[in-house]
Amino acid sequence: MKPEIRDAIPADVPAILDLVRGLAAFEKLTHEVSATEKLLGDALFPAHGTPDAKCALAVVDGEPAGYALWFPTFSTFLAKPGLYLEDIFVKPELRRRGIGRALLLHVAALASSRGCGRLEWTVLDWNRPAIEFYASLGATTLPDWRICRLTGGALARYAGHEAGA
């Protein structure tokens, strides 16, 4: 069963949101999901301007099996663009069939074709199967780096502050 990997289209937004919720459930983070079809659709397929992110869908037997969602970054050290893989997820019952590999290689090929210096993502420290999978593809885990995040009220308190102030 070889998955079809294709760019998501606006009609896929409900399926993508369902997969996002599946990822959140796997990561025990369903309480963090506030995305709606409208918010996700507007981000991926805006009426005007550049999308905030891009998404590829893995389809098996005509049904969504997984997705990868990424957005552009930039490395000052390399002076090159990069891609940040925000999410990669395959439905649990369809894992170990090459779907995740196909999705990740799709994004890696895209990054390579764009001349990117990096493709980066995060992985939870308890997700040993994913860590081993990524290592098998040649990815390195950076042990000295930690994610910092401002969100919700902590981010909102800076509304109205001047940039650079």
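Observations on the structure shown:
- Candidates P81, P143, P14: whichever shows maximal mean-square fluctuation once the chain is modelled as a Gaussian network with Cα springs under 10 Å: P143
- DSSP-assigned coil residues among chymotrypsin sites (Phe, Trp or Tyr not before Pro) in segment 103-165, each with at most 14 further Cβ atoms within 10 Å: W126, W145, Y158
- Binning the alpha carbon pair distances of segment 6-84 at 10 angstrom intervals from zero yields the distribution 17, 44, 30, 10, 0, expressed in whole percent.
- Working from the Cα coordinates of segment 36-77, the gyration tensor eigenvalues give, after taking √(5λ), semi-axes of 23, 17, 8 Å in decreasing order.
- Along each principal axis, taking the top coordinate minus the bottom one, the Cα set of the chain gives 55, 35, 32 Å in descending order.
- Phi-derived couplings, Karplus 6.51 cos²θ - 1.76 cosθ + 1.60 at θ = phi - 60°, listed residue by residue for segment 56-70: 10, 10, 9, 10, 10, 6, x, 10, x, 10, x, 8, 10, 10, 9 Hz, with x used for Gly and Pro.
- Of all lysines in the structure, those lying under 20 Å Cα to Cα from K2, and not within fewer than 8 positions of it along the same chain, are K91.
- Aspartates and glutamates with Cα under 16 Å of K54, excluding same-chain neighbours fewer than 8 positions away: D7, D12, E37, D42, E86, D87, E120
- Per residue, the convex hull around the alpha carbon atoms of segment 50-126 comes to 112 Å³.
- Taking every DSSP bridge with both residues inside the chain, close to 90 percent are antiparallel.
- From largest to smallest, the equivalent ellipsoid semi-axes obtained for segment 94-163 from the alpha-carbon gyration tensor read 31, 18, 13 Å.
- Computed helical MRE - 222 nm, the chain, DSSP H runs ≥ 4 contributing -39500 (n - 2.57), nearest 500: -9000 deg cm²/dmol
Computed from the coordinates by the stated procedures, all read-outs in this text should not be read as laboratory data. Note that this is a predicted model, so its numbers are computed, not measured. Note that each Cβ is placed from the backbone with ideal geometry, even for glycine, and that neighbours are counted across all protein chains shown.
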